[in-house]
Amino acid sequence: MKKRMKFLTVLVLATTILGCKNLPALKSNELSEVKNFNINDEFDNNKYKWYEEKNKEIEVKVANGYYNIDHKDEDSSFQIYKKFDFKDDKTYLGETSIRYEKGNTDEGFGIYFGLSNKRQAYFEIDNLGEVTIFEDEGDKTSTILDWTKTEAVNINDWNIFEFIMGKGEIQVYLNNYKIGTINLKLNKTKLTEVGYDVNGKLKVNIDYMRGKSIKN
């Protein structure tokens, strides 16, 4: 999904326009202790059993206190996620810190939200200082926020992604800046998964993921 929405503001057939081949989304084993999004993972070890793999297209591993995703294929994207049991009567707070290490500076990376009705939403940045929010349904993509330059992005440094999920929406923040809102009610969807998305030839480090639920 190489910058597929950078110049588009309408519903498009993204994979046709850019000729990208989207790798299948991969999920790691589900664990009962995190199913309600009660998670505090510093990646000192792989106690939550995140997916690990090494092949010609991707190297993913927990090492040196980080979850490292090294995506080597120029023409595809990589998603890794976990399923959680999100309740309609609760609000969930999530936070994760991600750093660009190397690769194409104009490729997007960030948070993947798996939704019901075969939809996905993405909250991404690049290492040029831009941010975007968009949704997928099959091979159709809808922009919520087009690629936009912002001082909220820390180039060549850690970026803290925060998300508040509840009451039919996901509010997303970057380094304490409010970036936008994903309206789940609009398409009658529910949040089911949270993970990461990396596009093109790009390596990122993830320092931690934290999540908890609170009553509305």
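Summing +1 for each Lys or Arg and -1 for each Asp or Glu, what net charge is found among the other residues whose Cβ lies under 14 Å from the Cβ of GLY65? Please report the intermediate quantities before stating the final value.
Working: positive: LYS47, LYS61, ARG99; negative: ASP41, GLU42, ASP44, GLU101, ASP207.
Around GLY65, the charge tally is -2.
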query = Once the other residues with Cβ under 13 Å from the Cβ of VAL153 are scored (Lys, Arg +1; Asp, Glu -1), what is the net sum?
reply = -4
Amide N of region 152-181 lying under 15 Å from the label point, which is placed 7 angstrom from the Cα of LYS190 along Cα→Cβ = 166-169
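Can you pull out the GluC sites (Glu not before Pro) in region 31-121 that DSSP calls coil and that have at most 16 other Cβ atoms within 10 Å? The partial results should precede the final answer.
Working: sites: GLU33, GLU42, GLU52, GLU53, GLU57, GLU59, GLU74, GLU95, GLU101, GLU107; in loops: GLU42, GLU52, GLU57, GLU74, GLU107.
Passing sites in region 31-121 are GLU42, GLU52, GLU57, GLU74.
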task = Report the convex hull volume per residue for region 12-215, counting only C-alpha atoms, in Å³.
result = 110
task = Among GLN120, THR141, PHE78, pick out the residue whose Cα is farthest towards the positive end of the charge dipole of region 73-180, where Lys and Arg carry +1 and Asp and Glu carry -1 on C-beta, about the Cα centre.
result = GLN120
³J(HN,Hα) computed for each position of region 77-89 - Karplus, 6.51 cos²θ - 1.76 cosθ + 1.60, integer Hz, glycine/proline x = 10, 9, 10, 9, 8, 10, 7, 9, 9, 7, 8, 5, 8
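With a ≥ b ≥ c the root eigenvalues of the C-alpha gyration tensor of region 107-165, is it rounded (a/c under 1.5), prolate (a/b larger than b/c) or oblate? Numbers along the way, then the final one.
Details: a/c = 2.51, a/b = 1.77, b/c = 1.42.
Prolate, because a/c is 1.5 or more and a/b exceeds b/c.
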ask   = Among GLU124, GLU151, GLU130, what is the fewest-to-most ranking by other Cβ atoms within 10 Å?
value = GLU151, GLU130, GLU124
message = Starting from the 7 Å offset along Cα-to-Cβ, what nm value, one decimal, do you get for the label separation of ILE214 and GLU137?
response = 3.2
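Trypsin sites (Lys or Arg not before Pro) within region 57-162: which are DSSP loop residues with at most 12 other Cβ atoms inside 10 Å? Could the numbers behind the result be given before it?
Values: sites: LYS61, LYS72, LYS82, LYS83, LYS87, LYS90, ARG99, LYS102, LYS118, ARG119, LYS140, LYS149; in loops: LYS72, LYS87, LYS118.
Sparse-neighbourhood loop trypsin sites (Lys or Arg not before Pro): LYS118.
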ask   = Could you give me the ³J(HN,Hα) list for region 185-194, computed from phi with Karplus coefficients 6.51, -1.76, 1.60 and θ = phi - 60°, whole Hz, x at Gly and Pro?
value = 5, 4, 10, 6, 10, 10, 6, 10, 9, 9
task = Return the distance in nm (one decimal) between the two label points of a simple spin-label model at TRP158 and LYS178, each offset 7 Å from Cα along Cα→Cβ.
result = 2.6
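Any of LYS90/LYS188; LYS83/LYS201; LYS102/LYS190; LYS118/LYS203; LYS72/LYS178 with alpha carbons more than 29 Å apart? Name them for me. Provide the component values of the computation, followed by the final result.
On the way: LYS90/LYS188 17 Å; LYS83/LYS201 26 Å; LYS102/LYS190 34 Å; LYS118/LYS203 27 Å; LYS72/LYS178 31 Å.
Exceeds cut-off: LYS102/LYS190; LYS72/LYS178.
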Linear extension gain, LYS47 paired with THR91, 0.36 nm per residue minus alpha-carbon span = 13.3 nm
request  = Output ³J(HN,Hα) for region 135-152: one whole-Hz value per residue in order, computed from phi by the Karplus curve 6.51 cos²θ - 1.76 cosθ + 1.60 with θ = phi - 60°, and x for Gly and Pro.
outcome  = 10, 10, 9, x, 9, 10, 10, 10, 7, 9, 9, 5, 3, 9, 5, 8, 6, 5
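Each reported figure results from applying straightforward, stated rules to the coordinates on display, with no laboratory input. Since the structure is predicted, the reported quantities are computational estimates derived from the model, not experimental observations. As a convention, Cβ positions derive from the backbone with ideal geometry for all residues, glycine included, and neighbour counts pool all protein chains shown.
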